[in-house]
Amino acid sequence: MTTIKETTIPVVRLRKPAESRSLWGDALFRLRRNRAAVIGVIVLVLTIVIAIFAPVFAPKNYDAAVLSDNNAAPDWILRVFPTMISRDQGGYVTINNSYPLGADKLGRDLLSRIIYGARVSLEVALIGPLISIIVGVIVGLLAGYVGGRVDNVLMRVVDIMYAFPTLLLIILMMAVFRTSFEGQQPGTLAYSLNRLDSSMGGLLFVFVGIGLTAWMGMARLVRAQVLSVRELTYVEAARSVGAGSLTIIYKHILPNIVGTLIVAQTLDIPTYISYEAFLSFIGLGVKPPTPSWGSMISDGAQAIQTFPNQTLFPALALALVMFAFNFLGDGLRDALDPRLRGVD
Amino acid sequence: MGKFVFQRFMWAALVLFVVAMTTFLLMHAVPGGPFSRDKPLPAQTIAQLNKKYNLDVPLTEQFLDYVGDIIVPVVLTGAQQKSLDHDYLFSVRLPFGDNATFRWANFGPSFKSTSRTVNDIFRDNFPISFQLGIVSLIVATVIGLPLGVISALKRNTVYDYAGMGVAILGVSVPVIITAPFLQYLFGVEWKLLPLTGWGTPNQLILPALTLGFGSAAIIARLTRASLLQVLNEDYIRTARAKGLGEGRVVNVHALKNCLIPVVTVFGPLMAYLVTGTFVVETIFGIPGMGRFFVTSITGRDYPVIMGTILVFAALLVLANALVDVAYVWLDPRIRFG
């Protein structure tokens, strides 16, 4: 007996993982072996924690302006950026070490603003996929499962929306929201929407703008997946034993496409984040004093020659989060659908 | 083929019409007009302004008038003076009649810059954006294609990883990030290139590099994937089997075919470049359409917003249509219809 056991040990170790893992366990296993994806996850978890507990991590409040400290910078920044010269040496920079990354032109702490700014980017990273999945799945399921005329109409609408230059549409909508909902009489819908938007620092309209333009790709994807899954034998089998449409969609079709949806949405998150940053950059996104990395880059860009730290640090934060989502998305794609590895 | 091309362009026209209608409705369906100020103008003045700009007729009529002015060409004769209401983007002298000119595309006067028409603004700003876009596209192709080819040929070597690393960088980092970094490195730290402005070739380098970098990355990734796929095809094996040198196999048989899918990316690239111009022109202080659009949108200058969106949308939609047609034309395996 003992000899047999000893010989089987290597076999057991080889086969065990393959037997006991579910789809998700398997995916998780592959994801954990992907170093870039793991780094991405770590960066994201850290960012999320920092964003949630921003008041704890931020040394100051994001809109606490000390005008006398405007454009101040700590010692180490002057060493990193040799073009910035302190006042003692005949330059223009006020040294103040109580600002870890320096202060902006109104004397607000850059680090604190970057930390609070993470909230905006992460909220967009959460809401963007949420809206696009909800609308996209409903439209896609309808088109794919019901088919016929419904499919035709829905897909033509999607086609037209798809051909629309997304960013132009978002810009236009933002401009319309921003200019028309302001200065309304209390009691109207426009007034309450504007109040809500203001209390969210201008994010409501950003969400609406992104949400209205982001679902088409998802709808197409869901429809294509439904069409391919619908004809599979096990769905036919389910139908033959009397399962209703909803059961089939919920039990058989959705679980099959959920992986693809997650991968597609994770890979889209950087786009949503860059839309928000872009809108804030041109002044149509968040409202001041809410800090967004996009608006900080825009504020700093004007002073890049004199105070490069004011634009480079928010840009770095934005780049880091975008990278993390890209790595995670690539890793998820490889993990959930190994056939797609290396294919774009 | 003819039928396919026709269908494709009819579809493009339909999309443009919907774009025009949506833009029009979005702008007009909301309260307040281009003449609402903090200190309200007298009602009489507003009525006059509305009459002058045709804003007092029903919406459908306004829309039809507007679209009609743009798409219906006219032939004018006799001495012509430029007026705000009749300024056409295209005018071609006809070889007959009394100074007869074929004129097309009247985008109307601007509400805010009262002495200019939308076409004036196009003429002043569009060539600048166009120039920037073309140079960026060239930069993107010149960097992207070789990067992709090298990565594919030297698959899984240091070259591949380095090339694809750069490509991932380019794909995941938007213009809004690349611009300040390039500006700092080349303009502030090394003092090699001017930070902002427009006019000299020097001032073109940084913005074109910023815009081209992202597109180069897209091209590189696609070229690599496509070349790898082509190298696995049977006819490549045949070419090798009959004793052709590796250089000839790659240059003659593989490269040409791997470029077919790469052509498709030029549609999305146009969109990317247009998107990029808004940021790049703002950051680099370039007086192009992108920057003008951003300022006109906050001023609710309806005709300028409409005109810009239509021109950009037309560019994108036409680029996509051309790409579709080119794709079918290049790849005989695809049936059209």
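No lab work stands behind these numbers, since they all come straight from the coordinates. Values in this document were obtained by computation on a predicted structure and should not be read as measured data. Note that each Cβ is placed from the backbone with ideal geometry, even for glycine, and that neighbours are counted across all protein chains shown.
Observations on the structure shown:
- Overall, the range A:87-138 carries a charge dipole of about 80 debye about its Cα centre when +1 sits on the Cβ of Lys and Arg and -1 on the Cβ of Asp and Glu, all other atoms neutral.
- Label sites at residue B:98 and residue A:49, each approximated as a point 7 angstrom past Cα along Cα to Cβ, lie 8.5 nm apart.
- Within the range A:224-281, GluC sites (Glu not before Pro) in DSSP loop having at most 11 other beta-carbon neighbours inside 10 Å: A:231
- Between A:321, A:158, A:66, the GNM of chain A built on Cα springs shorter than 10 angstrom shows A:66 fluctuating the most.
- With each label modelled as a point 7 angstrom along the Cα→C-beta vector, the residue B:44-residue B:134 pair spans 5.2 nm.
- Helix A:2-20 and the long axis of chain A differ in direction by around 70°, with both axes built from C-alpha atoms.
- In Hz, Karplus ³J(HN,Hα) per residue of the range A:297-306 (6.51, -1.76, 1.60; θ = phi - 60°; x = Gly, Pro): 4, 5, 4, x, 4, 5, 10, 4, 6, 9
- Cut-off of 10 Å, at most 10 other beta carbons, DSSP loop: longest stretch of chain B lacking such chymotrypsin sites (Phe, Trp or Tyr not before Pro): B:191-337
- In chain A, helices alone account for a calculated mean residue ellipticity at 222 nm of -22500 deg cm²/dmol, with every DSSP H run of four or more residues adding -39,500 (n - 2.57).
- Leading residue at positive end of dipole, the protein assembly as shown (Cβ point charges), from B:127, B:16, A:301: B:16
- Per residue, the average separation of C-alpha pairs within less than 8 Å and at least 6 apart gives chain B a relative contact order of 21 percent.
- Extension reserve of the residue A:150-residue A:105 stretch, reckoned as 0.36 nm per residue once the Cα distance is removed: 10.7 nm
- For the range A:68-75, 3J(HN,Hα) computed residue by residue from phi via the Karplus equation (6.51, -1.76, 1.60; θ = phi - 60°) reads 5, 9, 4, 6, 5, 8, x, 3 Hz, glycine and proline entered as x.
- Computed E for residue B:64/residue B:326 - FRET, C-beta separation, R0 35 angstrom, nearest 0.05: 0.55
- Just checking the listed ones, B:43, B:326, B:220: in the Gaussian network model of chain B with Cα springs under 10 Å, the one fluctuating most is B:43.
- 3J(HN,Hα) couplings calculated from phi for the range A:274-289 with the Karplus curve 6.51 cos²θ - 1.76 cosθ + 1.60 (θ = phi - 60°) are, in sequence order, 6, 4, 4, 4, 5, 4, 5, 4, 8, x, 10, x, 5, 9, x, x Hz; Gly and Pro show x.
- Note on A:33, B:116: ascending count of other Cβ atoms within 10 Å places them as A:33, B:116, the fewest first.
- The residue list A:226, A:49, A:270 was ranked by how far each Cα lies along the charge dipole of chain A toward its positive end, using unit charges on Cβ atoms, and A:226 comes out on top.
- Extending 7 Å from Cα along the Cβ direction at residue B:28 and again at residue A:32 yields two label points whose distance is 6.2 nm.
- The charge dipole of the protein assembly as shown, taken about its Cα centre with unit charges on the Cβ atoms of Lys, Arg (+1), Asp and Glu (-1) only, comes to about 1620 debye.
- In chain B, helical runs assigned H by DSSP with n ≥ 4 each contribute -39500 (n - 2.57); averaged across all residues and rounded to the nearest 500, the mean residue ellipticity at 222 nm is -21500 deg cm²/dmol.
- Distant-in-sequence amide contacts of residue A:286, defined by a placed amide H-H separation under 5 Å and a gap of 5 or more residues or a different chain, comprise A:280.
- Burial ordering of A:85, B:236, A:114, A:297, fewest other beta-carbon atoms within 10 Å first: A:85, B:236, A:114, A:297
- Label-reachable residues, the range B:242-276, where backbone N falls under 20 Å from a point 7 Å from residue B:1's Cα toward its Cβ: B:256-264
- Fewest neighbouring Cβ atoms within 10 Å first, the residues B:262, A:124, B:279, B:252 line up as B:252, B:262, A:124, B:279.
- Among B:176, B:305, B:219, the largest mean-square fluctuation in a Gaussian network model of chain B (Cα springs under 10 Å) belongs to B:176.
- Percent antiparallel among DSSP beta bridges (both partners in the protein assembly as shown, rounded to 5): 80 percent
- Other residues whose C-beta falls under 14 angstrom from the C-beta of residue A:148 contribute a net charge of +3, scoring Lys and Arg +1 and Asp and Glu -1.
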